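The values are calculated or read from the model by the stated rules, or taken from the named source; none is laboratory data. Worth saying up front: this structure is predicted, and the values here are computed from it rather than measured. Virtual Cβ from ideal backbone geometry, glycine too; neighbours counted across all protein chains shown.
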């Protein structure tokens, strides 16, 4: 029989928060797999998110390499001799659990804020930023595993920072070459036949992309939950993931995917490039290839960066295609600020939890996170975006605001 102790309640709260993050990861990143297919009408919006949800669920079981990376590559949970750090593992791992709780809260708040703004920022970097911020607040800079032993490509630099810099550049190049090749091979084919044929191809490539997303992003939450279980003493292995954790995280990310992050889908599908089916197929193929390769190598990259890079590459690869560089600039700013700002929120959350003490601290952090999330969800109702209007012609936010404020015939609003 399970004993309901304060330590068990704290562990449960961390697990629930981790699954909530996984859910936000799902709806935040639906756009990565399906934005181009929805924009080209290869799939209807509801069919796209349903297919993506199922394949995210399946993909979560195909690999554990990224989950193991998260468990081992961010927080330095062991001393050089391999013994666990006493300050983290005391009181059934309260120190480590509070770091995880604060880091997850920082990631969730940033995820929902960028969703509200319609910006496809990185859920992965939000998670790592939150964890790094909370760890530095708790243990100092030395508490983060920046590099591996002997300066191998391990730790935050090797497994997070370098993939973040390299993966979008690689995706841009692959998608650019793929788009050029596609239009070269289909030169002389009537436009309507191009669109019809490549829409069928997009169904396959979007499905592959959703599957690859599950192999990478669902894994990150598995790693966090496993780390929480290790802190509490309920699990000991840093190279394996409990089966129930795999199921829970897979279901959470699939559920979030099914909800559909329509605001971000709209930005990626309509705001960046007016995309055609051949471009969409090239972009999705490039993204899937980069993500699947990285998942097998254990790199916890940002699927958002990869997919956005692929869409940019497809726009550059098509003659006459217009890339909205102002939208791309806002995305780039979100990319640059995600990790440090999520880190600041994570650090702030840790200080709140630490100052309030072992009993109430985690509950107050959880309550602040829930209140912030509910406020942002309520605020989003002022400018609703759903599967009904996700494919409407793109308007800049300032233009939409001016139109809403303009007088109408026969009177004013």
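So here's what we get for this one:
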read-out	value
Counted residues, the stretch 119-148 - those being surrounded by fewer than 24 Cβ atoms within 10 Å (Cβ to Cβ) and either in contact with a helix residue (DSSP H, G or I) (Cβ under 7 Å, 6 or more places away or on another chain) or in contact (Cβ under 8 Å) with a residue 12 or more places away in the chain (or both)	12
Test: residue in the stretch 208-217 that is more than 19 Å from residue 53 (Cα to Cα), touching a residue at least 12 places away in the same chain (Cβ under 8 Å) and surrounded by 21 or more Cβ atoms within 10 Å (Cβ to Cβ)	no
Of all residues making up the stretch 272-284, the number that are surrounded by fewer than 23 Cβ atoms within 10 Å (Cβ to Cβ) and either over 29 Å from residue 383 (Cβ atoms) or in contact with a helix residue (DSSP H, G or I) (Cβ under 6 Å, 6 or more places away or on another chain) (or both)	0
Members of the stretch 144-177 that are over 23 Å from residue 218 (Cβ atoms), at pLDDT 85 or above and part of a helix (DSSP H, G or I)	169, 172, 173, 174, 175, 176, 177
Yes/no for residue 310 being touching a helix residue (DSSP H, G or I) at 6+ places or on another chain (Cβ under 7 Å), modelled with pLDDT of 90 or more and under 30 Å from residue 284 (Cβ atoms)	no
Verdict on residue 132 being part of a helix (DSSP H, G or I), at pLDDT 80 or above and touching a strand residue (DSSP E or B) at 6+ places or on another chain (Cβ under 9 Å)	yes
Members of the stretch 305-326 that are free of Cβ contacts under 8 Å to residues at least 12 places away in the same chain and not in a loop (DSSP other than H, G, I, E, B)	325
Residue in the stretch 296-304 that is in a helix (DSSP H, G or I) and within 14 Å of residue 172 (Cα to Cα) present	yes
Some residue of the stretch 247-266 being in a loop (DSSP other than H, G, I, E, B) and either over 30 Å from residue 395 (Cβ atoms) or in contact (Cβ under 8 Å) with a residue 24 or more places away in the chain (or both)	yes
Options 343, 353, 329: the member that is modelled with pLDDT of 75 or more, in a helix (DSSP H, G or I) and exposed (fewer than 12 other Cβ atoms within 10 Å of the Cβ)	329
Residue check for residue 376: crowded, with 19+ Cβ neighbours inside 10 Å and either farther than 19 Å from residue 133 by Cα or out of contact with any strand residue (DSSP E or B) (no Cβ under 8 Å at 6 or more places or on another chain) (or both)	no
